Amino acid sequence: TPPNLQGEGGITVRFEGRVDDMPSHVRRARVYVSPRLSGLGLSTKLLLGLENGVPTVTTPHGIRGYNITQYDGAQGVLVAPPDDPGAFADAVSRILTQEDLWQKASDGGVRHARHQFSREAQRSDVERLLWLAEAHKGGR
């Protein structure tokens, strides 16, 4: 595990390495930073952050599959271009230093996670897929 980093304004970045109880660990964070450039599927850590009110800074690749359309924190996420480290660092700095933006992202993430990933939402998605499969089968 790399050593901790001390940033401006007393901000400390900790590299934790392996974490056995991820939900408890995520709830203690002020921000989840995911400079994701590749990978498959949904980032479950991002979902943990959203549902626990931890704002996220990530790239467009990091939000794939989350149906996030507002990149300004309203859905819990600030999205920065993957090829602009300065913009990414600025987004992290803004979420850490602007309390109103942090609160907007925290509340928005919880709302988005509940709306998108609740049992009711999942049930509705499955019902829609079954209906489409049945309609497709009937159209043969």
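Over the C-alpha atoms of the chain, the Rg to Rh ratio, Rh being the Kirkwood estimate, stands at 1.06. The figure for Y32 is an accessible area of roughly 50 square angstrom, using a 1.4 Å probe on the protein chains alone. Extension gain, D100 to S24, is 24.9 nm, computed as 0.36 nm per intervening residue step minus the present C-alpha separation.
Accessible area per residue (1.4 Å probe, heavy atoms of protein chains only) ranks T44, T58, T12 as T44, T12, T58, with the largest value leading.
Counting only protein chain heavy atoms and rolling a 1.4 Å probe, the accessible areas of T69, T59 rank, largest first, as T69, T59. Note on L37: accessible area is roughly 120 Å² with a 1.4 Å probe, heavy atoms of protein only. In this view, the solvent-accessible surface of E16, computed with a 1.4 Å probe and all protein chains in place, comes to about 80 Å². The listed residues W131, W102, once ranked by accessible area (1.4 Å probe) with the largest placed first, stand as W131, W102.
The values are calculated or read from the model by the stated rules, or taken from the named source; none is laboratory data. This one's a predicted model, so the numbers in the text were calculated from it and none came from an experiment. Surface accessibility is based on the protein's heavy atoms, side chains included, excluding ligands, DNA and RNA. Shrake-Rupley method; radii C 1.70, N 1.55, O 1.52, S 1.80 Å.
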